[in-house]
Amino acid sequence: MIRAHFSLDSNHRITSFKLTGHADSGPYGQDIVCAAVSALSISTINGLERVVHTRPHVERDNANGGFLEVTNLDLDRESQILLSTLLNGLIDIQESYPQNIEVKMFN
């Protein structure tokens, strides 16, 4: 199961997020849940860096996969729009595949 954890500040802005685990919804290369989560998270990071011009801190385990942590997130409106879109996209995936992804928010 993929676990997506979002940390929020007192104003409900996303300050960091972490993705861990594997969806296991299909064979490697055919796992649509993993592909969707990967596409959303990579697109969000690219948007933060290339469109909004912020520098989030990104840690990932490229050798084993199943781990992505993004911190040092900008709290400005543009960054938060991208991050909220990621959160909502993952929640939508969770609604369709609750056995493969769990999304939680923490204050």
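Each value in this text was obtained by applying a stated rule to the coordinates, not by laboratory testing. All figures in this text were calculated on a predicted structure; none of them were measured in a lab. Quick reminder, even Gly has a Cβ in these numbers, built from the backbone with ideal geometry, and neighbours come from all protein chains shown.
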**Asked** With 26, 21 as the choices, which residue is within 16 Å of residue 100 (Cβ to Cβ) and either among the aliphatic types (A, V, I, L, M) or surrounded by 15 or more Cβ atoms within 10 Å (Cβ to Cβ) (or both)?
**Response** 21
**Asked** For the chain, which strands (runs of 3 or more DSSP E) that fit wholly inside it have 1 or more residues that are in contact (Cβ under 8 Å) with a residue 60 or more places away in the chain?
**Response** 2-8, 14-20, 101-106
**Subset of segment 25-44 (residues that are over 19 Å from residue 92 (Cβ atoms) and not small (Gly, Ala, Ser))** = 27, 28, 30
